[in-house]
Amino acid sequence: MRLRNKPWVREFLKANKKYLIFWEKENEALNLRSLFQTNQLCQLEIGCGKGSFISQQALQNADINYIGMEKVTTVVGVALKRSLKLFKENNKEMSNLKYFNYFAEDLSFIFKKNSIDKIYLNFSDPWPKAKHEKKRLMHNNFLKIYAYILKEFGTIEFKTDNDVFFEFAIEQINQNPHWLIISQTTDLYNEPILLKNNVATEYETKFHTMGKNINKLIIKKTN
């Protein structure tokens, strides 16, 4: 996500480091039990942007721990600030949400095998040029990594406004034996069952308001 550098972010993150996850590449994989106050289900959003989706999820589901992963430090600062404001407005302590300023390429080193319950991929960069297709977060290389860190029968929820990216994702899934498609639509807002309990991202609201169809895919790890 592109966002101009904000001078307050560095000090803000330093002052609120208890809401952040730190990991160095030479370290062992994260121990999720030590990161949160309560040992419970853990869900991961990769590319969480300004945090609107994962903040709402964490607020509504106190019995689930959430990790918002974002590679741009300034965006992490904005997301954390918004999350803390949301929880404060609802008179709740933010104990089940942490942010992680890192890249998705190292997921299999960061998280232990079979440690994550669900992954969210919301409006990820579609990387439209063919030469960049391996950077797409639904490329088979990433699907293999997700299969490693997800628990048995763990799921991925993927949403995008980009129809070509959506078709690409389905092609990649069909080439990978680890996954089973359990639900898919090219028009989320005309699917009452899938739309139930849907938490919209900022991009999603923007594109839906413009009349753009929203694609959604839910897949389950099978082995």
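The 3J(HN,Hα) values that the Karplus relation (6.51, -1.76, 1.60; θ = phi - 60°) gives for region 20-37 are, in residue order, 10, 10, 10, 8, 10, 4, 7, 7, 6, 4, 4, 9, 4, 5, 7, 7, 10, 5 Hz. Gly and Pro appear as x.
For the chain, a Gaussian network of Cα nodes joined below 10 Å ranks 33, 82, 136 by mean-square fluctuation, and the top entry is 33. Residue ranges 93-100, 196-203 sort as 93-100, 196-203 when ordered by packing (mean number of other C-beta atoms within 10 Å per residue, highest first).
A simple rule links phi to the HN-Hα coupling: the Karplus curve 6.51 cos²θ - 1.76 cosθ + 1.60 with θ = phi - 60°, which for region 170-176 gives 5, 4, 5, 4, 5, 8, 10 Hz, with x for Gly and Pro. Remark: 8, 127 ranked as 8, 127, counting other beta-carbon atoms within 10 Å and listing the fewest first. How many nm is it between the label spots at residue 106 and residue 5, if each spot is 7 Å from the Cα in line with the beta carbon? The two pseudo-label positions are separated by 2.1 nm. Projected label points at residue 41 and residue 18, each 7 Å from Cα along the beta carbon direction, are separated by 2.7 nanometres.
Here the sum of -39500 (n - 2.57) over DSSP H runs of 4 or more residues, divided by the residues of the chain, equals -9000 deg cm²/dmol at 222 nm, to the nearest 500. Separation of region 134-210 and region 2-48, taken as the distance between their Cα centroids, equals 24 angstrom.
In terms of the Cα gyration tensor, with a ≥ b ≥ c the square roots of its eigenvalues, is the chain rounded because a/c is under 1.5, prolate because a/b exceeds b/c, or oblate? Since a/c stays below 1.5, the shape of the chain is classed as rounded. Put simply, the amide H of residue 112, placed in the peptide plane, has neighbours under 5 Å in 30, leaving out anything fewer than 5 places away on its chain. Phi angles of region 197-211 translate, via the Karplus equation with coefficients 6.51, -1.76, 1.60 and θ = phi - 60°, into HN-Hα couplings of 6, 5, 9, 7, 7, 4, 4, 4, 4, 4, 5, 5, 4, 7, x Hz per residue; Gly and Pro are given as x.
The peptide list 67-73, 9-15, 42-48, put in order of mean Cβ contacts within 10 Å with the highest first, becomes 42-48, 67-73, 9-15. Close amide H partners of residue 183, meaning residues 5 or more places away or on another chain with modelled amide H under 5 Å apart, are 218. The packing ranking, built from the mean of other Cβ atoms within 10 Å per residue, places the peptides 83-91, 148-156 in the order 148-156, 83-91, highest first. Once the Cα-Cα distance is subtracted from the 0.36 nm per residue extended length, the residue 71 to residue 183 segment shows a gain of 37.4 nm.
All of the numbers you see were taken from the coordinates with simple rules; none came from a lab. The shown structure was predicted, so the numbers you read here are calculated from the model rather than taken from an experiment. Here the Cβ is made from the backbone with ideal geometry for all residues, glycine too, and neighbour counts use every protein chain on show.
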